[in-house]
Structure formats: C-alpha cells, structure tokens
1. Could you pull out every residue, at least 5 positions away or on a different chain, whose amide H is within less than 5 Å of the one on residue 619? Hs are placed 1.01 Å off N in the peptide plane, and Pro or chain starts have none.
2. How much length is gained on full extension from residue 429 to residue 660, taking 0.36 nm per residue of separation minus their Cα-Cα distance?
3. Between residue 186 and residue 158, how high is the FRET efficiency from 1/(1 + (r/R0)^6) when r is the Cβ-Cβ distance and R₀ = 25 Å? Nearest 0.05.
4. Modelling each spin label as a point 7 Å along the Cα-to-Cβ direction, I'd like the residue 969/residue 214 distance in nm, to one decimal.
5. For the range 273-281, what does the Karplus curve 6.51 cos²θ - 1.76 cosθ + 1.60, with θ = phi - 60°, yield as ³J(HN,Hα) per residue in whole Hz, taken in order and with x for Gly and Pro?
6. Treating only the Cβ of Lys, Arg, Asp and Glu as charged (+1, +1, -1, -1), what charge dipole size does the range 255-316 show about its Cα centre? Round to the nearest 20 debye.
7. Less than 25 Å apart at the alpha-carbon level, and either on another chain or at least 8 residues along: which lysines does that give for residue 60?
8. Calculate the FRET efficiency for residue 482 and residue 605 from the Cβ-Cβ distance with a Förster distance of 41 Å, rounded to the nearest 0.05.
Amino acid sequence: MKFAREFTLVLLLLLLAFPAAVLRAQETAPADRTGQRERFVPADELETIFARDGRGVMLKRQQFQELLQKARQASDLTGPLPLVVEQAELTVTPLVQQATVKLRLQIRQFVNAWQTLRIPVGNLAVERAELGGQAALIARDPAEPGTLLLAHEAPGSFVVELTMSTPLAQAGSDLAAAFQLPGTAATHLTVNCPAGRQLVVNDRQLDRPTAIEQPADYRVPVGNAADVRLRWVTQQRETEVQRLVFVTTGAQLEYRPQSLHWTGESVISVFGGAISRLTAVVPPGFEVVSVESAGLESWTLEDDSERQGGTQVVLTWRQPVQGDRIIRLNGVVVFSQDTVTADGAAGSAADNARRDAVPTVTFRDVASHSGRLIIRHEAGLRLSAEVSGGIRAISAEDAGISSEAIVFEFWQQQYGLQIGVRPRDREVLAEVNAELSFADELAVLKHSHLIEVLNLPLFEIPLQLPADWQLTAVRSGETELRWTPGNTPGAIVVHPLQPIQPGALWELRVELSRTLADPEVEQRLQIPSVLAPAVSVIGGSWRLKADEDLVISPLQLSGLTAISGTGNDQVFRSEGSGVAGELAIQRKTAQLASRSVLRTWADARQQAVDAELSVDVLAGTIRSLDLRVAESLGEALRFEVKSVGVVPGMATQRLTGPVRIVEQSAGAVADGLRSFQLRLDRRFAGSLTLFVEVSQPRTKNSPIAAPAIRLANAVRQHGVLVFEALPEQSLQALLTAEIPGLSAEDAAVVAAPPAESSRRTALVYRFVQPDYAFQVQDTTYATSVVPSAVCQSMNNVCVLSDTGTVQRRCSMRLQTSGVQSLRFRLPNEDSYLWSTVLDGEPVEVRREGENYLVALPAGDQMQHDLEVLFESAADGDEFRRQTQVPLQLLMDAGTQRAVSVDVLQQDWAVHYPEDSLILGVESPYRAKERLDRSGWLSTLGQLRLPTWSDVSSRLGVFGLYLLLLFVGTVLCLRRRWKSLTGTVAVLLIVSLLSMSGSNLRTVRSRVQMMQGHWGWSDVAPDAAVPDFMAPQANSQVVAPMANEPVPADMSGMMGGMGG
C-alpha cells in the first residue's frame, strides 16, 4: 500500500508539470532578431567601396555574422559598460593634397567576452589600424559607413592607433579640412602648423605658440565635440562662420567600341552647417541615366550657363544634409562615328585609333573634391592613357584591384586625362628560355617558347632553325607536334594540335643537336638560336651547361647579360633583342691515380697471377687507358671491368655509371714493360676497377718474378704484392738490397685466399713506387696423410621403463678428415642395438667383437651426424641404483685401426616414471634442474589431478574420509569429546597417507662417465653446460614425462636395424 501511494503521488506531479511545460513552450516567443540592413552592390562596384579605406580584410558573411552576434551577446550583459574609451588623442599633419589624422584611443574592457566599440570617423579614410603593434580587428558598420566597429575579446586596458587621411580644400593660399571627432569627453587635438601660417579651429583663430617663422604644434582640448573644422591661413585676420563641403568620388569607367559607361559613387561630408541643395556638372555628351541618394527628393537636368553644351544636375533633399551622404550617379557617353587620331586628323585604316578626354563630374560650391577612377575595357580594345594635371596613375595591384584595370587618383575636379582607344590586332608574345649543353662531342640545344596570344587565335607558328643543326624533337609539353618544311632553307612551320586561344599560355619546345670535333683541341661554336618571325620576344633566359671535364669560354656575347653561375653552368638574361656570340670549348686534362692488388702463387708446373687494378679519375674524364705490364706476363692478357664506384676520400665527385671495354691491344716492349691500350665504350669519371688473370707454365724450382702493372701518366700509384703458398710450400724473397718504396706488411692487411684453394698468404709487400723488381724462391716439403676425427657434441637420452629396462639414444656430431669408418662400443654385453642413422639415413653396421663398424661415404663431406638407439637391462629392482656409461667412439684411417675419438661436449637427459624420484647423482657433473626431494612437505608442492587409473583407488580413501567426518560431526553434536578426539586423529592419519600414497617407490640414479667427459641433464638441453661450473647436488627437477615405452621425442629412430 505504501508503494502504491508513492507511485500515485509521483504520477500526479508529472501530470501537473507537463501542462505547465507545454504552456511555457507555447508562450515563449522566438528570439527577436535585431534588424539588419542589407545593401546589394554590383560585383563590379565593390572595388569602389573598398578603395575608400585602402587595404582591409574580407570575411565570409557567415563568419562576420558570427563575430557580430558574439559581440552583441556580450554587450547585452548587465552591469557597467563593458568597453569604455578613457582618452583620445588626435594628431593632424597637413600635407600637399591631404591631411594625415592619427587617432590614439586608450580603451579599457571589463568583461572577458567579445565586445564591439563604435568609433565615428565620418569622411576620414582609414589607412592603418593597429592594436599592440598588430593589426586590429576593425571594419566599417554596414548600416553606417561613417562609423568603425572595433571588436575585442580579452579584458584589460589596451591602446588602438588609427592612421587616417582627409582631403585638403584650397581657398586661395589657405588650406581647410574638416572631419568628425570620436565623441569622447577626454579628447585632445594636436595640430601641426607649418611656418608662415596661422591656425583657425572652428572659426576661432588661436594664438600661435611659436614665432611665425617656425613650425608650431597647437594642442586644443575639444571634449566631446561632434566635429572640428581646421583652416591654415597665411595672415592673421578675423574669420566668420563658414560651411565646408568635401566630396570623395569613386568611379568605374568601362570603355566599349562606341560608348563609355560611367558608374560613380560620391561621398559628401558637410561641416559647419547643413545643405539641402547641391549642383553637379557633367561635360557635353554625358547622358545622365540615374541619380540615387538617401532622402533625395528630386534631381533635375539643366543647361550649364558657364560651359557650353554642359549639363547641370541639381539634387534636392527633403531635409537638410549634415555629415556624410552618398550620391550614386550613372551615365553614358556615346562617341561619334568619325575616327579621330591623337593629333585631330582623320586616321587611316592602318591606324584606326581614337583618343577621347575622360569626362569629369564636378560639384559646385565644395571645398575639395578628390577620388579614384577605375577604367576597364572590353577584350577587343586597347587603351593608352595621357595625363596633364590634377590626376596621376597608380598601380592596380597596390590598390587591391584586378590587374586588368587602369587606376588613377585625382585631387582636382578639373583634371586632364585622355584615353586612346583602338581595336586590338592579333599579337603573339613569347618568353624564350634556351639551354645549350655540351657532353663530350655532342652539343644539344633546347629552345622553349612560352607563347601568349592576344585578340585572335593562332593556328601555326613559323620557325627559322640555325644552320648545321639537326632537329630532333618538336613538342608541347610531352606531346609531339606535327611540322612541315618552310619555303626557305632551315625554315619549318609548327602546327599546334588545337588553335591557341587568346589569353591562353602555350609552350613550344624545340630540341636540336650537333656533333663537334674532339674537344681535346679547342673548338669554336657560334651561339645558335631558334627564331620565330611572327612572335614578339619580351625576354627570357639562356643557360650554358657542360660536363665537368669541359671548359666553356664565351668569347663574344650580344643580347645576353650574366646573372648567375660560373664555369660549366652559367645563366644569362635576355632582354628580347637578338642573341649572338661565339663560344670556345676544350676538354680538361685528366688526372689519374691507381691502386692495385697483385696476387701470385705457383706450384711445380705453373705460375698464376690474379691482378686487380683500380683507376681513380681525380679530375676530368677518360675514354682510354694506357697500361704498362711486365713482359714476363706475356701479351695474351684480357682485362675485364670488375666494378665501378666513387673515388675514396673525395668529398664531391662525379660518377658516370657502368662502362665496358670495347677494345684492347698489346703494343711494343720498352724497359721490360709491354704497352696495353684499353678503350671504353664511353667517357668515364669515378673509380674503375680492372681485373686480369694470368697463368703461365713454370719450370720446377725456378724463381717466381714479382708481377708489375703500371698506369701511364698517373700522378700516384701504390698497391700490395701478395704471394700465396700451398701447405707444403715455403716462400722466401730474394732481396739483395733495399728497394725504395717497398716495405713488408702483415698478412692481415689483405683478404685470405679462398678456403677451397687450400692456399695461405705467405708474403705481403706494399709499394708506393711502381719501379720495383725482385724474385721469390719457393721450397716444397714432402707430405703425408694425417687422419683425424673429433666429436663436437654427444647427446644422450635415457628412458627408465616400467618393464625394468633402460632405453638409450645417443646423437653425435663429428668432424672427420681422412677417416674411412667409425666404430662404437655399447656400455655392456647385455645391451641390444636397435638402429643406427648416419646423416639422416638408416645404415647397416657390422660387428667386430665388441665394436660396431659404420662406413663413412667417400667424398669431400667432413661433418657427419650419427644416431645410435639401443636398450640394456636395469641394475637391481625398481631402479634403486643405476650406472650409465657413454658410448666409446673409435675410428679407422689408413692402416690405423680403433683409434679413440675425443668428445668435446656431452649432454644427458633422463626420463623416468611419474611415480618415481631421482634423489641423488654421483658424478663430477651438475644437474641443470633441481633434483627430487622425498617427504610429504615436498609432495605438497607437487599435487596434481589423478589419472583415470588412480580414480578407483582414491575414491575409497575419499569415502573413508567423508565417513570419518560424518562420525565426528555426530559426536560433536552429542558432546562426546573423547570419541571425537580419536576420530580427528584417525582423520589426520588418513589425510597424510592419501597425500603420500602416490610416491610408493623411489629411484636413485648414478651416472659414471669417463675421465674428461662432462655435463648431464634430466631434460633434453639446448646448449651445453660450461665445464667450469661446479656440480650442484640436491637440485630439484621439473615434472617428468608420462610413462611410455618410447618417448615422443624418439620418433623416427627405429629404422635401420643392425648388428
């Protein structure tokens, strides 16, 4: 009941709360979005708006709205103002056409969130905004272009510095400027006044702080005034209240073949009063299409009384205008059909050009009118500008405008600007990049034309090739192009796959080659050039490259200016004019060094020399080699290239790659040396290793001459002489006197002879001068065969079977030399041999008394693996004490019989029944694991689950245990304590007997070995136990293997019954 009441109460509360939540959800109105003003501006007029403040930052609409929303949310926080301007300082400096205004704001922020600060600037153009030396996050308010929005996030005090400018109005010799102030109570104004002028602030003339001949700085507290009017006058006089109007215009002009379209936006700034009427004047032929302005009541067109043919545009606002106001004026100028040249005469068809004055839109009764003109044109026209006064051209890139436009800035209403317009003909411009490279006797010219076509498509390109050069390829990128011969020698016409469209870039590559004479002697070559008659070359580059073994010297150059590189890689700049000149090409002298290893060996019938000569090219390249070989080596030598590589010890070097010998010939003999000429398939640089084998007949006991192989014209030569001897030989150098540059060395400095050769290094000499000569005498001794064999390892495995027998496996690895057969003896006469396996194959054995003989196969095999499996009877009952003796190995060699074989390493592994223990070992060797221990405490650590064969015997003990436990429980309940004590004692005895019942038999094992043998283990070892480790008795062994007649690891040992 209590649970039901609680459940009913919870359900009632939920029902009451649900309608309230629904009601609140229905009453909640969606968040009222603050009204945002959107102004759609044509894309081609964006540059006019952005040009007012110079460089700025453009953000995506979504990103800007997110930042604006964060700032508005932060500004809605309750409490004091989150962002406060503590102090403002303005510094005004008059220049020639404008005044620079630097505004420094000391601001403090109280909350840690995005905040916005409104900074009124009016008609001031922002040039730079910095916060702490970095660019400030600032932009114009879309709703009020005359206000800046500063965004800041972190709390604390910071300083914002703004650099702005405003145009200066000229009235005679006086200068005037007016702009809006930030509206902060603590605002100080500092105005720089040039020498010879007085300053008038808001129609009040101030006392000059310095003499009139010196510049002065006026510091004026302006408080929270809305704006300020400044005048720099040349004489001191009383001033009267005057209204100042400044106009800044941004106009875009688009030239078409027969018309000019004007789209302008003018910002008027009114100071010192208000206006409700303004007059703009347009030149003759200017048709006003539309006029727009906020609050504009009407605009009318009237004839200009001051300018014949001119038109006045009178603008009337419904309310007087004070501050800033934007006027948008669109118009069209239609040109006459008559074509007029620049000097006013009628033009010909060949010079179809027209020059027109750019119209000026002026305003009456304004103090200053400045701005920017952005002139564009259609693709089929070409413009040329001529300025006369009040206007100047600026870079479109600096103004942040597309490079296709022409940009001008004007500071006078009546500026002079004339634009020449003429239709475009097809123009082909090209940047030419050429590379002339020299490799051995081949010169290759790669000419690249980066072509740009203007106005009309291009279908074919005529080229003029240099004389005596062979054309190898004409490509565009990696695509082969079709070409046809021209009308003159060396002329061709290249046909692009598709016409080259105007404005597209297209690359033309031409490759030519020419074979030169051998540059061992200086060659002269005129600089080649591929000419395109219909292409205007605007510049490019030339590169001269050559292999490191060549020297290029420009003798005469015209049209090229060196810009980088020296020696064999030089880069020149071409200005577009013709390229001509002459080059001198000559090969460098090669510098060579040699390293050699000369191996000599001899027997009674022949003498052999294995020579390895490494030629290091230290400088230049080689195509042929001149070798000097000892005359005694004969002339039937054939050198081979063994390897190529880098020269040891050289930091920077050149490697040309693999080479081969294409020709070798023997020459005349001079001074005991025969000349050998080797020619390579191409020029080589690096390290070249040559190899030659020489075998000559020899008279017995004749001296062996030291071989000599020299490299002609080498700067240095060194190497080693190696004399190898057979085992029965002894060598001795016949040196009657010391030879300069020859010294004996240790045999370890050279590689040993191949093992299969059975030779050894007997004598080694190092030479640093190639002009040596000496002989070596050999002495041969008689030899006899010495058979030998050794057993590297013997692995014994013993299995103590429940049947009372001992099974043994003995695995041996032997090294033999000159041994015909092996013998082995079993431990006793009762042993029975099961099988013998030699090198993995079962073999038959024969018995000779106590020895078993195993014949070794004939051949060069020296290592053999022998396995013997046998069985013997156990000593005594139940393995009480066992004595095991290893096999005895013998060998037969020649006339020797039954020679003992030494065993270097011996391991033992003993497998015994699981109900037996190994308690001790009597031997000079130690066990690898601890031996078994007898007793119930050690038995506790070896408890394991019984096998199925033991379950029946152990269930009886377990039943007896449960019966005694039941009787004890009954006695305890009946309080018969004496009977209970007796029952507990019986229970303890039964428990002890059950734990030790499985160990009813023990085994003691003894291993006796021959003197010099060592090591034993009760598991199969992986490595031998070192002979310096002392025996350790009473070591416990790991759990033995299951009782099986033959262990699992002895599978495959029953083949090959013998004996």
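1. 591
2. Working: separation 231, 0.36 × 231 = 83.16 nm, distance 4.89 nm.
Separation in residues times 0.36 nm, less the Cα-Cα distance, equals 78.3 nm.
3. Working: r = 16 Å, r/R0 = 0.65.
With a Förster radius of 25 Å, E is 0.95.
4. Each label point lies 7 Å from its Cα, and together they span 12.3 nm.
5. Values, residue by residue: x, 9, 10, 10, 8, 9, 10, 10, 10 Hz.
6. Working: 3 positive and 8 negative charges, 29 e Å.
Here the range 255-316 has a charge dipole of around 140 debye.
7. In chain and number order, the partners are 70.
8. Details: r = 72 Å, r/R0 = 1.76.
Efficiency at R0 = 41 Å is approximately 0.05.
Every read-out reported here was derived from the displayed coordinates using simple, explicitly stated rules and does not represent laboratory data. Please read these numbers as outputs of a predicted model, since none were measured by experiment. Reconstructed Cβ throughout: ideal geometry from the backbone, glycine too, with neighbour counts over all protein chains shown.
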